Each structure stands twice: as structure tokens, then as C-alpha cells.
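Bear in mind these aren't lab numbers, they're just calculated from the coordinates by the rules spelled out. Everything numeric here is computed off the predicted structure, so don't read it as measured data. Every residue, glycine among them, receives a Cβ derived from its backbone with ideal geometry; neighbour counts consider all protein chains shown.
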Amino acid sequence: MSERYPRLFSSFRLGPVTLRNRVVFAAHLTNYARGGLPTEQHVAYYQARAAGGAGLIITEEQCTHPTDWPYEKMIQGYRPEVVDGYRRITGAVHAHGATVLAQVNHNGGQGTGMYSRRPLWAPSAVPDPLFREVPKAVERHEIAEIVDGYATVARHCVAGGFDGVELQCSHSSLMRGFLARGTNRRTDEYGGDLEGRARLLLEVLGAMRAELGPDRILGVRLSGDERIDGGIVLDEATATARLIEASGHVDYLNTSIGMATASLHLIEASMAVPKGYALYIPSAIRDAVDLPVVGIGRFKDAEQAEQALAEGHCDLVGVVRGQIADPDFVAKARADEVSSVRNCLSCNQECVGRMGLNRWLGCLVNPRAGRESVVLPDPTRRVKDVWVIGGGPAGLQAAATAAERGHRVTLYERDRVLGGQVRAAARAPYRGEFAELTRNLESECRRRGVVIELGVDVTAELVESGGAESVIVATGARPRRPQWAGVSERVIDVRDVLEDRCAPTGRVLVVDELGFHQATSVAEWLADRGAAVTVCTGAMTVGQDLGITLDMEGWQMRAHEKGIEQVTDVVPVGVGQCGGEGQLTVELLHHPTGGRETCVVDWVVGATHQDPVDELWMQLRGSDIEVHRIGDALTPRRAHAAVIEGHRAAVAL
């Protein structure tokens, strides 16, 4: 047991099984399935977290019926063919001493018939606000089929070696659809008061327990507060928890906040949401029942998890993104090596965001996430003297990986501090945790013996005379002045603001050409300092990509509170002077109609594209030195590309 985290790393009896600690790698989608079946990537992914010390691993959902196929890469647990994949997963996890459950689910009306070509099943014909597809209200004989489907998957899980199952009755499920007043309008025994709305849930639990027997765990993940009209509220959730406990079928309760449509941003909250924001839910449920309760809510570090246990909010703690970012999260914390943990940023770019684009789950700070099954080449037998030029995320990742693989690495940075553009991004409101990206990497570089030279402007002559055998150029990007900007010094870049080169006041127009945090962050920065801010964009919404990282709702609420105006479907075509007081006229083209209008402002701040700083690479590429170009020096993109390319270049040495 860790002296620093005595509760977190104490063993815990969960039904018939004793967990080695109280850290739960809770269920979440991965998009790793192929043809409806588990893959070797599932095996490697869960195995890595078991080897890293997780006490309890709960796999992503296993589908119970052919009517449920809301996304392409779902595991179809009702098919007998899944059992072989289950055995590979459970064998890999058990080999490292962890307990593993499978989550079982039917998404009900929260889905689409696009893949199944079947009508959706739901308690009532109420369309989901995201998918906007009217489901079919299930009939009596179909309710029996639903119960049988859950039992079938439980039987497959037993055959596949799982230690038990968790029934999803939370943010996206047929069970929560029956529980919620807004989606259950039935007048038979499966509707009406809470006991009627919970009837199907209890029938399913009984059927699953019959298949599991007494020697396996059965849990329920329960919605605690959905924050939508007609959704589940906390008082109903605690009453449901009492009904579940009274059934005698269940060994623990997991918790959830939000619903996977209208309040999805609460389920996988971004860094703009305070840590521990959902702890009131497990706390209330734990007060209502004697069953063990799992707490959720953006747990990022072991200290936070230990505190939740110490304060009695929960019995077990769900740490998901923290273990995606670092599979060894538990082992490092247990060994009091928390400074070596690669902290999750809660940026949602490569986990939630990738899956929103139907891609497999990855991680910005962990380039191996989602690629655990891909075997890396052995480290080189010949140690090289490697120079990395640039101390942003690309260079830091390259240096850390190259040193890990046995090379002698020196990293040069022109500035007196590391971090590159991440430093500026992290200064913006609600973006401070982004700085952990480069803090993590700097710490890793120093632990691995990378020599870090700051304030050095590396030239081709220095490289050629310095004895470097391999050079990785990660020199970043510089702002590009847009064609429409004219010559005024009051047309500047977002980096000029966030890096304190300019402090616009008065009326400020922010031009969003990138569709991400750059424009919205600087708009909030300026509004907080008293400017009257308008953001314009050529897209249909400002910050359009904030939707996939679940930051859009927070931005819209804060923009309204701060009086930030938003103008869409317009592009600037020219900027001119207005009078003698430095004011600017900006001509905006409404591209859907071709109409033009002019606004008068004091400053224009552009969130626009950048140019690579690639002069050093251009000078070195014809030399005898092995040269790699990565990150924004190759072409400007987002931070995940920098981290991936840094890792890739170092592995290639």
C-alpha cells in the first residue's frame, strides 16, 4: 500500500472478487472493433492498462441486439463469434493481475438505423435530439426479446472469461430511456411512476444474474443528473439506486452525469470544466445505499482520487483519460513517481474528438494510445549523437523518445524557455492545463538525460561543425499576414495578443479562419480586459471544431455572458484607415449571397494560417547529415501532429 495514497491503493472487496486497488478504468468507446468483433488492438489496449496497475478494467459496451448499431465500429456482443476475442482480452488482463468486466448495453432510441437498416427500439416514439430519428415503441413480445438479449451477452461474457459485467443504464442506453420521464410515456406496467419505469431494468438484472451466477460481479452504471428537460434528476437516481439494491442482484453502482446528446459535454468534460465537478452524484448515491459506488468527474491525478475517497464521496474512482494518457498512471503513483506521469490535458482532441470523426481512439500526449498492438522496431544498436532543434511539443517528444531509445540527445531552443506556441495557448482563459503538455515532455527529457540548451539560435554552420549525426528540425511556425490585412499596424495575429506584444482595446474584430480555440480564446482574453469584441468567421459557426472536443457549449455560454458578438458566413476582403484616430474599416463579404458591408473597429486580430519556419531544414537537407523535419516546421497543424511526428522521427533514427 502506498503511504501517500493509502485508500486509493488499498484492496477492495467487490462482490465475490477482491480488487487489488480502487482505481477503475471505466468503460468508454474506442472504435477498435472490426466487423462487429473485438480486435488485437482491444487486447493490447486493455493489457497495457492492466500492466500499468489498474485495479478494475471495464471494457467498452457490448451490444445486445441487432436493432442497436448507432456507430460503425461497435462490438456486437449478441453474436457467438465474440467469445474468442473476449478470451484474448480477459487472458491478457488477468495475466497482469487486474479484474476485468464487460459493459453491456442497448442504446435504444439514442442511435440511428443507418447501419442496421432497422427501426430503433425505445420505450416511446420520442426522437433523440442528436439523431432526430423517431424510434419504434417496443411491444410486449419485444420487451421479452430485449431481456433475452442482455442475458445472451452475459452468457457470452461468462464464456469469454470476464469476471462479470456492468449494465449501462446511463448516458446512452435503452435502460435510461425507460427510466427518464421525457422518453418514457408508456401507460402500461413499464411506464408511469418510477417503479414502473424501472421494471425493465430490474427484469434485465435478474436475467443477467441468472447467467452470471454468484461467482461473478454484476454492476450498474446509473445516470445521476442529466441536466435536460425530462431527464433523470438526482432524487430519482437515488431512488432507482435503492430499487436496484433491493433486488439483491447487484454488487456495485457506477455513476454518470449528462446524457449523450444534449448534455454530452458534461460526460467527457474538457479542461474548461472544474475537476471533480460531478462528485456530488456518487456522494448522494453512496448516502442512499450500502452498495459500493464508483465516482466519476475528470479525475486527473492520484491526489485528487485519494481525496475523493478520504472525503467519502465514493468507494472506487474512475480514471479514464488519465490512464489513456499514461497506461502506467497507477504504477507510477503507487511508486510515488507522480512527476513522471504524462498528465491528461482534458483537451479531448484525440480521444473524444477522433471518435466523433469515426476514427479510433488516440491521445494527444500519448502517441502510442490506439497503437499498442503495433510493434515498434527494436532500438538501434548504434548510439547516435542527435540534435533536436526546437523546444515545442514536436521537438520535446522527439528528444524524449530518441533518448528513451538509447541515443545521446541535445535539444536546442532559441528562447529562454521551452514550450513553443503551447505557452501562448495555455495563457488563454480556461486553457491553462494545456501547458501540461510541454511540462510533461520537459520532465521526461530531463529524466532521460537529454541535454537542454536554451537561448541558442542554431545555424547550419553550428550543426555542421558540432558533430551531430542526426538532426531533427522542429522549429515551428510564424504568423502569416493574410492578404486582406492591408498595412495597418493595428491588424495583428492572435499570437501577438497572447504573447503580450500588443494589447488591443476598444472595439476589436477577431477573424476566425481556423475554427478552433485560437479565435475564441483570444476573444475571451480581450473581453475579460474590457474590449468590445466581435468574432467573425466564414464558417456556419464560430469555432466550428469546438464541437468535436465538447467545448462549444462552454464557449457559447461564456460568449453570451461576456457580450461577445458572433458573425458567421462572412470573410474579410480588405482593411483600410478611417479618419485620423487610428480606426479601421473592415469590408466583409457575406459569401452565401455576395453582399458586402463595412464595419469600423479599433483593432483586427486574425486567427489565421501560419508559415513553417523551415530555413534551417532548407539549408541542411543537401548535407551529409541525416535530417528530419517535423511538426509545424513541416507544415503548421495542431499539437497532436507535432507529438506524433516527434515520436515517429525518433523511432526512425
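Can you tell me, using C-alpha contacts under 8 Å and at least 6 residues apart, the relative contact order of the chain as a whole percent? Mind dumping the intermediate values first?
Details: 1517 pairs, mean separation 70.7, N = 653.
Here the relative contact order equals 11 percent.
May I ask what percent, to the nearest 5, of DSSP beta bridges between residues of the chain are antiparallel?
Antiparallel bridges: around 25 percent, rounded to the nearest 5.
Can you compute the helix-only [θ] at 222 nm over the chain? Use -39500 (n - 2.57) per DSSP H run of at least 4 residues, normalise by all residues, nearest 500 deg cm²/dmol.
Helix contribution divided over all residues of the chain: -9000 deg cm²/dmol.
Would you mind calculating the gained length between Glu311 and Ala159 on full extension (0.36 nm times residue separation, minus the Cα-Cα distance), in nm to one decimal? Before the final figure, lay out each step's value.
Details: separation 152, 0.36 × 152 = 54.72 nm, distance 3.88 nm.
Using 0.36 nm per residue and subtracting the Cα-Cα distance, I get 50.8 nm.
Measure nothing but the geometry: give the 0 to 90° angle between the long axis through the Cα atoms of 393-404 and the longest principal axis through the Cα atoms of the chain, rounded to 10°.
Value to nearest ten degrees: 70.
Over what distance in Å are the Cα centres of segment 142-209 and segment 293-308 separated?
Centre-to-centre (Cα) distance: 28 Å.
In debye, nearest 20: dipole of segment 483-608 around its Cα centre with unit charges on the Cβ of K, R (+) and D, E (-)?
The dipole of segment 483-608 has a size of about 180 debye.
Nearest 0.05, what FRET efficiency do Arg481 and Glu565 give at R0 = 30 Å with Cβ-Cβ as r?
0.75
Classify segment 12-356 from the C-alpha gyration tensor, please: rounded if a/c falls under 1.5, else prolate or oblate depending on whether a/b exceeds b/c. Write out the running numbers ahead of the final one.
Values: a/c = 1.44, a/b = 1.30, b/c = 1.11.
Taking the square roots of the gyration eigenvalues as a ≥ b ≥ c, segment 12-356 is rounded.
Roughly speaking, what is the centre-to-centre gap between segment 431-449 and segment 227-258 when only Cα atoms are used, to the nearest Å?
Between the Cα centre of segment 431-449 and that of segment 227-258, the gap is 40 Å.
Is segment 483-608 rounded, prolate or oblate when judged by the Cα gyration tensor, a ≥ b ≥ c being the square roots of its eigenvalues, rounded requiring a/c under 1.5 and prolate requiring a/b larger than b/c?
Details: a/c = 1.75, a/b = 1.21, b/c = 1.44.
It is oblate, given that a/c is not under 1.5 and a/b is not larger than b/c.
Determine the relative contact order of segment 573-653: mean sequence separation of Cα pairs under 8 Å and six or more apart, normalised by residue count, in whole percent.
Result for segment 573-653 is 17 percent.
Assigning unit charges at the beta carbon (Lys, Arg +1; Asp, Glu -1) and nothing else, what dipole magnitude in debye, to the nearest 20, does segment 12-356 show about its Cα centre?
Values: 35 positive and 42 negative charges, 120 e Å.
Dipole of segment 12-356, to the nearest 20 debye: 580 debye.
Treating the angle as unsigned and between 0 and 90°, give the value, to the nearest 10°, between the Cα long axis of helix 552-561 and the longest Cα principal axis of the chain.
70 degrees
If a/c stays under 1.5 just call it rounded; otherwise compare a/b with b/c (prolate if a/b is bigger, oblate if not). Do that for the chain, with a ≥ b ≥ c from the square roots of the Cα gyration tensor eigenvalues.
oblate
What is the magnitude of the charge dipole of segment 325-475 about its Cα centre, with +1 placed on the Cβ of each Lys and Arg, -1 on the Cβ of each Asp and Glu, and no other charges, expressed in debye to the nearest 20?
Dipole magnitude for segment 325-475 comes out near 340 debye.
Taking the Cβ of Phe178 as the centre, find all other residues whose Cβ is under 9 Å away and add up their charges (Lys, Arg: +1; Asp, Glu: -1).
+4
Using 7 Å Cα-to-Cβ label points, what is the Asp624/Arg382 separation (nm, one decimal)?
Each label point lies 7 Å from its Cα, and together they span 1.3 nm.
Using mean Cβ contacts within 10 Å as the protection proxy, how do 312-319, 503-510, 54-61, 354-361 order, highest first?
54-61, 312-319, 503-510, 354-361
In the structure shown, do any of Lys300/Lys562; Lys332/Lys562; Lys136/Lys275; Lys73/Lys562; Lys275/Lys384; Lys300/Lys384 have a Cα-Cα gap over 31 Å, and if so which?
Beyond 31 Å: Lys332/Lys562; Lys136/Lys275; Lys73/Lys562; Lys275/Lys384; Lys300/Lys384.
Just to confirm my numbers, what's the Cα centroid distance between segment 515-565 and segment 62-93 in Å?
40 Å
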